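Everything on this sheet refers to the single structure shown next.
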Amino acid sequence: MTDSAVIDIRPVAGDDLPAWTRAWGNGYLRPYAESNVDAIRSSADRDRFIGAFDKDRCVGTYRSSAQELTVPGGSFLPVSAISRVSVAGTHRRRGLLTKMVEMDLRGAFERGEPVAVLDAAQYPIYGRFGFGPSTAMAWFEIDVHRARLDPRRTNDTSGVLVVDPREYLKAAPEVYERLRAVQPGALRRDERWWQEATGQHPGPGPDRPEPFFALYMDPDTGEADGLLCFSAEERWGAMLPQSPLWVRDLVAVSPRAEAALLRYAVTVDWVTTVHLPYRAPDTLLPLWLGDPRAARISALSDYMWLRILDTPRALSARTYGIEASLVLEVADAAGYAAGTWLLEGGPDGASCTRTTRGPDLRIDVRILSSLYLGDDSATRLAALGGTEEVRPGALARVDAMFRTGRRPWSPRAVLGTRYQAGAP
Ligand SMILES: CC(C)(COP(=O)(O)OP(=O)(O)OC[C@H]1O[C@@H](n2cnc3c(N)ncnc32)[C@H](O)[C@@H]1OP(=O)(O)O)[C@@H](O)C(=O)NCCC(=O)NCCS
């Protein structure tokens, strides 16, 4: 076995891509395909792919790309989005991931990206690098027979239009953009993303059967206000239909669009269970059913992880629930976010500057990152350590400032076939 000190961690060149793609596939249990290399070769921010090489063998993969995150108040913050993180089973626990993270976070900081985000495959990996869970997700399973939706009430689904992928591609990106502008926790979906989602451009991963697409057209404005993408399987048991339906994407910019699209999905004939993954835990979706208890939560989990790299830029980019000020002493072992900062913020905006004043609260960057989008409570997390309330009342003030009326949500579409096979 080669000493980890001699493993070369470096940006990935064009010639490395087949080996890099194979190593990533090994880590993510995805069989190698030539088409994956092509998809990866043409992806954005190719200069931000990192590989770990043991002589000529690729044993670690990592990438980041420029993204935009919607923060409370509606600003789009430039962020570094990390993905494709893997280390070969033969080279684990020797610090390769640590070195790749360090190289990439330094790059993000130098490029001026104030925050990094990722979806953590496993909870224990990223806290040590300053990340904290910043949005949560609930996975619902709807028992159609208990949902008390009468399929004869076709008025409930009026406005829903079943469309083909091309029609969907024309209208859906605009719907998503309207949601993204008001949804803290949302990330941008670019043109290539939509082409892959609708099968107009092959993405990395196994071939997928074409899903079903629908839009919600508002009867008053004629505008598309919602989108739905789902797959379903024809399944029978002794002359009784038992088909599951998997919602892959459901985005709506008005309550009536959301209600109509959900009701449509739940009243598709033959369907007995609707899987509805990756929703904010406070989603209204179950409440559109006749009996909301028909929507059981089968998983409730942390979802998007976030790491603040530039405290003043991150904290001044969002708005706050009340007009108040706060002195935060931020601890960050890697240094990026560390310092004592005066935050003055309110519903119309905020400023955050370095200060020599004594702190109201000492807080680890991991905890501050978890609080950033408003999903968690400083008072709650204080019980776990990582904060010290220097001035009494500081934790309550953080909560009054940072928390939001509705929880942040990172809307994700589920594109691969793994979702169907792996529903919890
Ligand atoms: C997760 C993964 C990338 C870690 O790579 P690695 O090179 O072994 O990580 P490092 O050696 O830099 O480990 C850094 C620290 O994190 C810990 N750690 C790493 N992976 C961990 C895991 N899955 N569970 C718990 N702790 C983990 C290590 O023990 C180490 O801590 P220590 O120094 O106190 O022992 C690797 O296990 C992997 O490829 N897993 C499968 C794919 C995957 O889950 N990728 C993440 C996608 S988001």
Legend entry - Output for the stretch 260-299, where each listed residue is more than 23 Å from the chain's Cα centre (by Cα) and more than 30 Å from residue 236 (Cβ to Cβ): 287
Inset, instruction - State the number of residues belonging to the stretch 222-247 that are assigned to a loop (DSSP other than H, G, I, E, B) and within 27 Å of residue 412 (Cα to Cα). - result: 6
Legend entry - Residues that are in contact with a strand residue (DSSP E or B) (Cβ under 6 Å, 6 or more places away or on another chain), farther than 30 Å from residue 274 by Cα and among the aromatic types (Phe, Trp, Tyr), drawn from the stretch 110-151: 126, 131
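Residue by residue, here is whether (1) surrounded by 13 or more Cβ atoms within 10 Å (Cβ to Cβ); (2) modelled with pLDDT of 95 or more; (3) within 24 Å of the chain's Cα centre (by Cα) holds:
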| residue | (1), (2), (3) |
| --- | --- |
| 301 | yes, yes, yes |
| 313 | yes, yes, yes |
| 361 | yes, yes, no |
| 364 | yes, yes, yes |
| 367 | yes, yes, yes |
| 370 | yes, yes, yes |
| 378 | yes, yes, yes |
| 393 | no, yes, no |
Inset, instruction - Any residue in the stretch 27-40 that's within 16 Å of the ligand (Cβ to nearest atom): show its pairings with residues that are of a type in the set (Asp, Glu) at Cβ separation under 8 Å, as long as the two are six or more apart or on different chains. - result: none
Inset, instruction - Please enumerate the residues belonging to the stretch 327-359 that are open to solvent by less than 10 Å² (accessible area, probe 1.4 Å) and not in a strand (DSSP E or B). - result: 337
Inset, instruction - Please work out which one of (1) assigned to a helix (DSSP H, G or I); (2) among the basic types (Lys, Arg); (3) at pLDDT 95 or above is the condition residue 189 fails and give its number. - result: (1)
Inset, instruction - Can you tell me which residue among 134, 158 is touching a Gly at 6+ places or on another chain (Cβ under 8 Å) and under 25 Å from residue 295 (Cβ atoms)? - result: 134
Inset, instruction - Kindly list, by first and then second residue, each pair from a residue in the stretch 114-132 that is within 17 Å of residue 386 (Cα to Cα) to a residue that is near the ligand (Cβ under 8 Å from one of its atoms) and open to solvent by 10 Å² or more (accessible area, probe 1.4 Å), limited to pairs with Cβ atoms under 8 Å and residues at least 6 apart or on different chains. - result: 126/120; 129/98; 131/120
Inset, instruction - Collect the residues in the stretch 176-204 that are aliphatic (A, V, I, L, M) and open to solvent by 50 Å² or more (accessible area, probe 1.4 Å), keeping them in residue-number order. - result: 182
Legend entry - Search result, residues across the stretch 205-255 that are basic (Lys, Arg) and out of contact with any Gly (no Cβ under 7 Å at 6 or more places or on another chain): 235, 248
Inset, instruction - Just need a number here: residues in the stretch 274-298 that are in a strand (DSSP E or B) and open to solvent by less than 40 Å² (accessible area, probe 1.4 Å). - result: 6
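Taking the stretch 101-118, which residues are over 17 Å from residue 366 (Cβ atoms) and among the charged types (D, E, K, R)?
104, 106, 110, 111, 113, listed by residue number.
The values are calculated or read from the model by the stated rules, or taken from the named source; none is laboratory data. Small disclaimer: the values here were computed from a predicted structure and weren't measured. Reconstructed Cβ throughout: ideal geometry from the backbone, glycine too, with neighbour counts over all protein chains shown. Side chains are part of the model used for accessible areas, which takes the heavy atoms of the whole protein and leaves out ligands, DNA and RNA. Shrake-Rupley method; radii C 1.70, N 1.55, O 1.52, S 1.80 Å.
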